[in-house]
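Beneath this line is the structure, given in structure tokens, with notes to follow.
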Amino acid sequence: MDVLLSFLNSLPGAAGQGLIWGVMAIGVYITYRILDVADLTVDGSLATGGAVCALLISLGVNPWLALLAAVLSGMAAGLVTGLLHTVCGIPAILSGILTQLALYSINLRVMAIGDAAAKTKSTLAVSVDRHGLLVSSRYIREAGLSNPLLLLAALVAVVIGVLYWFFGTEQGSALRATGSNPHMARAQGINTSWSKVLGLVVSNALVALSGALLAQYQGSATIDMGRGAIVIGLAAVIIGEVLLGGVFINFALKLLAAVIGAVIYYAVITLVLRLGLETTDLKLLTALVVALFLTIPYWKGKYFSKAAGSGKKEESAHA
């Protein structure tokens with residue numbers, strides 16, 4: 001009973017984390033599902049967004065402007081990955097790894113800006129008492145406008161709405177065509193290299209936005225805050241597809257499914273922690289969750305469809 005009460009008390013925090021990581025999951029969805037590109041930049045660009053946002057807020061910059069700067073930094077990271085892939089001919093997965101490695105050093109130096117005593121810094125704190133943060137976990141259980149869930153839900157709705165509009169435009173349709181069939185897209189006169197770069201820019205902009213929100217929410221930016229982000233993003237996307245894919249057919253709803261998947265993921269993580277799992281085992285749990293939800297569609301298509309098909313054949317034979 002105590003475990004259940006503790007879990008219910010932790011649900012608002014899980015929802016807040018889920019909404020923040022849901023924005024990142026949408027970015028992963030763009031590269032993983034729409035563009036069909038394996039992008040590992042996200043582990044670095046999420047930390048970059050958090051580092052840039054925390055730095056500017058600590059220097060007295062308006063949080064909204066800090067959020068915008070974080071998005072621009074994510075776009076720059078995605079641009080580098082895209083150029084390495086399209087201009088330099090490096091495979092997408094290696095391009096992402098190279099950018100991610102470079103961002104590790106860059107993030108250390110970004111968080112040390114303004115500190116004469118340090119050339120690099122692995123943690124940069126921002127206090128809700130001294131800075132006007134947009135979201136903070138301190139108010140997650142309050143019933144007023146200061147509750148971060150309200151702003152996070154609004155931001156998620158805006159992100160989904162803007163992306164729904166964008167992917168309905170000519171450029172957005174070209175991006176989707178590039179991911180679906182690049183050879184046919186090129187035959188139709190689409191610059192697939194530009195589309196890939198654009199997709200990576202948009203994706204990492206969302207990932208950096210998520211990092212900026214996360215830094216404010218938890219009160220600090222850390223060099224390792226993006227470690228394993230790609231796996232969490234994939235988990236959110238896959239959970240949303242497996243549980244809601246048959247119902248959420250509209251494109252906007254598919255993006256929403258990724259966000260719901262992130263919320264469910266963090267609710268499950270919270271429950272497991274309340275049951276006594278060590279935090280050091282979370283990466284193992286995440287890997288198992290992703291493997292399970294990747295396996296379910298495969299088994300469903302391989303075994304259950306065959307069973308249904310054999311049943312129809314028997315009916316037709318008796319007829």
**Study point:** Residue order for Trp21, Trp299 - accessible surface, 1.4 angstrom probe, largest first
**Key:** Trp299, Trp21
Point to revise | Dimensions (Å) - the range 1-89, Cα atoms, principal axes, largest first | key: 58, 38, 16
Point to revise | Using θ = phi - 60° and Karplus 6.51 cos²θ - 1.76 cosθ + 1.60, couplings along the range 166-172 (whole Hz; Gly, Pro as x) | key: 4, 6, x, 7, 4, 5, x
Exercise for review: Could you tell me which of rounded, prolate or oblate describes the chain, using a ≥ b ≥ c as the square roots of the eigenvalues of the alpha-carbon gyration tensor, with rounded for a/c under 1.5 and, failing that, prolate when a/b is larger than b/c and oblate otherwise?
Suggested key: oblate
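Going by the alpha-carbon gyration tensor, a ≥ b ≥ c the square roots of its eigenvalues, is the range 169-319 rounded (a/c under 1.5) or, if a/c is not under 1.5, prolate (a/b greater than b/c) versus oblate? All intermediate terms of the calculation are to be shown ahead of the outcome.
Working: a/c = 2.63, a/b = 1.16, b/c = 2.28.
Here the range 169-319 falls in the oblate category.
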Revision key, fill the gap. Taking the chain and counting helices only, DSSP H stretches of n ≥ 4 at -39,500 (n - 2.57) each over all residues, the nearest-500 ellipticity at 222 nm comes to -24000 deg cm²/dmol
Exercise for review: Over the range 60-135, calculate the relative contact order: mean separation of alpha carbon pairs under 8 Å at least 6 apart, over the residue count, as a percent.
Suggested key: 27 percent
Practice item. For Ser220, list long-range residues whose amide hydrogen, built 1.01 Å from N in the peptide plane, is under 5 Å from its own amide hydrogen. Key: Val126
Exercise for review: With a ≥ b ≥ c taken as the square roots of the eigenvalues of the C-alpha gyration tensor of the range 192-278, please select rounded if a/c is under 1.5 and otherwise prolate if a/b is larger than b/c or oblate if it is not?
Suggested key: oblate
Practice item. Report, in degrees rounded to the nearest 10, the 0 to 90 angle that the Cα long axis of helix 251-274 makes with the longest principal axis of the chain. Key: 70 degrees
**Study point:** Contact order normalised by residue count of the chain, Cα under 8 Å, 6+ apart, percent
**Key:** 33 percent
Point to revise | Average accessible area per residue (Å²) across the chain - probe 1.4 Å, nucleic acids and ligands excluded | key: 49 Å²
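At a 1.4 Å probe, what is the % contribution of carbon and sulfur to the accessible area of the chain?
Values: 10240 of 15570 Å².
Here carbon and sulfur together make up 66 percent of the probe-accessible area.
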Check your understanding: Using θ = phi - 60° and the Karplus curve 6.51 cos²θ - 1.76 cosθ + 1.60, what whole-Hz ³J(HN,Hα) does each residue of the range 28-45 get, with Gly and Pro shown as x?
Key -> 5, 4, 4, 7, 6, 9, 7, 8, 6, 10, 7, 10, 9, 4, 4, 4, x, 5
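Relative contact order for the range 103-174 using alpha-carbon pairs under 8 Å, separation at least 6, rounded to a whole percent?
About 14 percent, as a whole number.
The values are calculated or read from the model by the stated rules, or taken from the named source; none is laboratory data. Small disclaimer: the values here were computed from a predicted structure and weren't measured. The area values use the complete protein model at the heavy-atom level, side chains included, leaving out ligands, DNA and RNA. Shrake-Rupley method; radii C 1.70, N 1.55, O 1.52, S 1.80 Å.
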